[in-house]
1. Hey, could you check the range 20-75 for residues that are open to solvent by less than 70 Å² (accessible area, probe 1.4 Å) and in contact with a Ser or Thr (Cβ under 9 Å, 6 or more places away or on another chain) and say which is nearest to S10 (Cα to Cα)?
2. Taking the range 1-10, which residues are modelled with pLDDT under 75 and open to solvent by 60 Å² or more (accessible area, probe 1.4 Å)?
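The values are calculated or read from the model by the stated rules, or taken from the named source; none is laboratory data. No experiment lies behind these values; they were computed from the predicted model shown. All Cβ positions, glycine included, derive from the backbone under ideal geometry; neighbour counts span all protein chains shown. To get the accessible areas, we keep the full protein, side chains included, count just its heavy atoms, and leave off ligands, DNA and RNA. Shrake-Rupley method; radii C 1.70, N 1.55, O 1.52, S 1.80 Å.
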Amino acid sequence: MGHRSGDTNSNLEKVNQLDYDMFVNSQMFGQGDAGKFLTGTDKIKKEMMISMLKLDNIVDGCLELVRAKKSAQNG
């Protein structure tokens, strides 16, 4: 992984301190992405946030663990 957990926690704390309008206005969206974020479903917004914060690997790793635990309980 290229990201340290300290950096991730720091980034999350900064984002959590912003209200919704400040967050949206502080992001540098690609062409058309600002509208996509503002009008998108919760799932789209979540995926865009994960991508902006570069948490893809962390989220994927957590989901793998959840799936493995669920499989072990059902198996």
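1. L53
2. At the first step, the residues of the range 1-10 found to be modelled with pLDDT under 75 are 1-8.
M1, G2, H3, R4, S5, D7 - these are the residues of the range 1-10 that are modelled with pLDDT under 75 and open to solvent by 60 Å² or more (accessible area, probe 1.4 Å).
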